[in-house]
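Derivation of every value follows stated rules applied to the coordinates shown; laboratory data play no part. Since this is a predicted model, take the numbers as computed values, not measurements. Positions of Cβ are backbone-derived with ideal geometry, glycine not excepted, and every protein chain shown enters the neighbour counts.
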Amino acid sequence: MNTLKFKTNLKCAGCMYAIKPYMDALEGVNSWDVDLDSPEKVVEVKTDSATPEEIKEAIEKAIGEAGYTAELINN
């Protein structure tokens, strides 16, 4: 299973709920979570059916469509 982490500009639980429909619609994502206690508001994504490159592109697009930014912080 691959785990990728993304630094975001999410600020609160409301922001997390704003990205939820976009994140839930992604194929290949087993689970995702946002660490709102982290200063970087890290989104952690777990997948076992998509490559890290595919997930990186999909996550950045999904979070972008919700009006936020995401930057991969590990690979």
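Of the residues in region 60-74, at least one is surrounded by fewer than 15 Cβ atoms within 10 Å (Cβ to Cβ), in a helix (DSSP H, G or I) and among the small types (Gly, Ala, Ser). Condition first: of a type in the set (Val, Ile, Thr) and more than 13 Å from Tyr68 (Cβ to Cβ). Can you find one or more residues in region 19-29 that meet it? Within region 19-29 (the criterion being of a type in the set (Val, Ile, Thr) and more than 13 Å from Tyr68 (Cβ to Cβ)), the answer is yes, since at least one residue qualifies. Checked against (1) of a type outside the set (Phe, Trp, Tyr); (2) more than 18 Å from Leu72 (Cα to Cα); (3) surrounded by fewer than 17 Cβ atoms within 10 Å (Cβ to Cβ), Cys15 passes all but a single condition, namely (3). For region 5-21, the criterion of being part of a strand (DSSP E or B) and β-branched (Val, Ile, Thr) is met by at least one residue. There is at least one residue in region 30-50 that is assigned to a strand (DSSP E or B), of a type outside the set (Val, Ile, Thr) and exposed (fewer than 14 other Cβ atoms within 10 Å of the Cβ).
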